[in-house]
Each structure stands twice: as C-alpha cells, then as structure tokens.
1. Within segment 1-30, track down each residue that is touching a residue at least 24 places away in the same chain (Cβ under 8 Å), aliphatic (A, V, I, L, M) and farther than 16 Å from A51 by Cβ.
2. Tell me which residues, restricted to segment 178-221, are of a type in the set (D, E, K, R) and out of contact with any Asp or Glu (no Cβ under 9 Å at 6 or more places or on another chain).
3. Could you please give the count of residues in segment 225-254 that are over 17 Å from E98 (Cα atoms) and hydroxyl-bearing (S, T, Y)?
4. For segment 91-107, which positions are assigned to a helix (DSSP H, G or I) and more than 17 Å from the chain's Cα centre (by Cα)?
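Throughout, read-outs are computed from the coordinates displayed, never taken from laboratory work. Here the structure is a predicted model, which is why all the values come from computation and not from measurement. Positions of Cβ are backbone-derived with ideal geometry, glycine not excepted, and every protein chain shown enters the neighbour counts.
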Amino acid sequence: MEWIDAATAAERLGVKPATLYAYVSRGVLQRRHGDDGRRSLFSAEEIERLARRGRPRSQPPELVIESGITALGVDRPYYRGLDVLGLARVAGFETVAEWLWTGDPALWPDPRHSIGPRPSAEDTRDPGDTRVTELDPHPSEDARTVRPCTRPPAGDVATPVLGDDAAGGGSRRVAVWRCEPGALRAAMTAQRGLPGDLLPLDRLQVITTVLGASDSLRYQLNPASVAATGRRLIAGLVDALPQLSEPQGESIAERLWSRLSPLSLIYLRR
C-alpha cells in the first residue's frame with residue numbers, strides 16, 4: 001500500500017490541509033502517523049477514491065434550532081414562545097429586547113400570554129403559515145389589540161403592549177436607554193481619525209471596543225447586570241454614530257434612523 005503525506009493528499013483532493021484534517025475528524029478519511037511520530041500519512045488509494053467520488057457533502061441543517069428562550073424556525077424566530085415578526089409589528093425594540101432578556105410578564109399583561117407556549121413543529125417549519133396576522137405575535141391565540149400611544153413625558157418612551165382592554169393593554173412607559181456621557185464622548189472621539197465615508201458597521205467595531213473598556217459591569221454575569229450592559233451598549237452604539245438628521249423621538253429606533261438617513265421621519269410620513 002502506498003502512503004502519502006498530508007500536503008500531497010490535500011493537493012490531490014484540491015482542498016486545504018485544514019479541510020483534509022476535518023475529513024479525518026469526521027471519519028471520511030483514515031490516517032496513520034509516520035515513523036517519526038509527527039507526520040500524518042494517508043492511503044493513496046483511499047485519497048483517489050475520495051477524489052473520484054467528490055467532496056463529501058455536509059449533513060443538511062436541522063429545521064429548528066431551540067434554546068431555553070428562543071426557537072429558530074424556517075422563516076421566523078420565536079422569543080420565549082412569541083413570534084418575533086408579530087412582535088416587530090406591535091411593540092417597540094426596547095420592549096422586545098426586555099422580553100427576550102428578562103421574560104417579564106408585565107410586558108404582556110394578558111396572563112394567558114405572560115410566557116406564551118413554545119411553538120409547535122408546525123409553527124416553526126411551515127413558511128406558508130398564515131395564522132400569524134399583522135397584529136398577532138401569538139400564533140395559537142386570538143389576535144391582540146394595540147392601543148395608540150401618545151408622546152410620553154421627557155425621559156420615558158411609550159411602547160405599545162398587548163392586551164384585551166384598557167386595563168390590560170395600551171402603552172407602557174419604559175426608561176429611555178442611555179449610555180453615560182463620558183463613555184459616549186470617548187467613543188465619538190475615537191472615530192475622529194476615521195474616513196468620512198466609512199460604513200456604520202466598521203464604526204460600530206470601534207465604538208464597541210471603547211464602550212466595552214469603560215463598562216463597569218463587564219465582569220458581572222448576573223441577569224440584571226447583563227441586561228443593563230445590553231441597554232447601555234445598544235444606546236451607545238446608536239448615539240455614537242454620526243448624526244445625519246434630527247431624531248424625532250427618544251426611542252432606539254428613532255435615534256438610529258437619524259444616524260442612518262438624512263431624511264427626517266416627519267418628511268417620510270407626509
């Protein structure tokens with residue numbers, strides 16, 4: 001039997017050495033060590049068979065990926081049992097994030113939906129499922145209603161919540177997410193030498209580094225501290241970007257729009 005080294009085997013297969021060793025770890029190829037105990041040797045015959053057969057195809061991915069708080073289906077994710085596409089239509093970013101992070105039942109006052117049922121296989125596997133309506137983030141229940149919200153007092157953001165009546169629904173005032181001024185100034189200063197046409201994604205990498213270094217809770221892993229870090233980081237990532245138009249509110253969505261477009265939301269709504 002002829003034995004060849006890793007470089008020769010990879011060349012015959014037309015792959016990188018790292019891919020070759022991946023084949024070994026997956027059981028596609030066998031190898032043995034050379035007499036010096038350091039070199040990897042492969043059967044030339046086995047390499048030729050694999051080359052004629054073509055590269056092994058990876059297994060198809062699972063249709064549903066689940067964790068303790070999320071379920072990722074074919075066409076939509078779920079946060080703690082609630083359809084995220086439905087949530088995006090009826091709730092603000094801050095409310096959805098708080099729901100994902102904390103599971104606070106007060107975010108969805110209707111007790112039947114405080115945590116929500118885990119989606120079934122049918123819910124997560126059928127891209128054509130039409131049971132989720134425009135105002136229904138709960139795939140298996142009746143549609144909820146959304147009450148119009150008025151502008152909140154300074155320092156608060158009115159966020160729509162779901163409910164059946166005035167006592168159980170309407171708008172919920174949540175604190176405006178902010179990053180402390182000192183850290184925000186440092187993140188903005190760090191961008192002064194960057195090209196003016198740099199994409200926001202590249203700027204966000206710089207901002208994240210600066211904000212992370214100044215985060216007093218970065219070593220605290222309890223749920224409350226992690227959520228506080230998330231609020232601070234998201235607010236800082238948005239507010240440290242160059243402003244292109246005047247924000248029309250204090251929510252994350254309204255502030256982010258003013259960093260992405262020179263057109264005011266008021267202008268677009270006309």
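1. Result: M1, single match.
2. E180, R185, R192, D197, D202, R203, D215, R218
3. Number satisfying all stated conditions: 1.
4. Correct list: P105, A106, L107.
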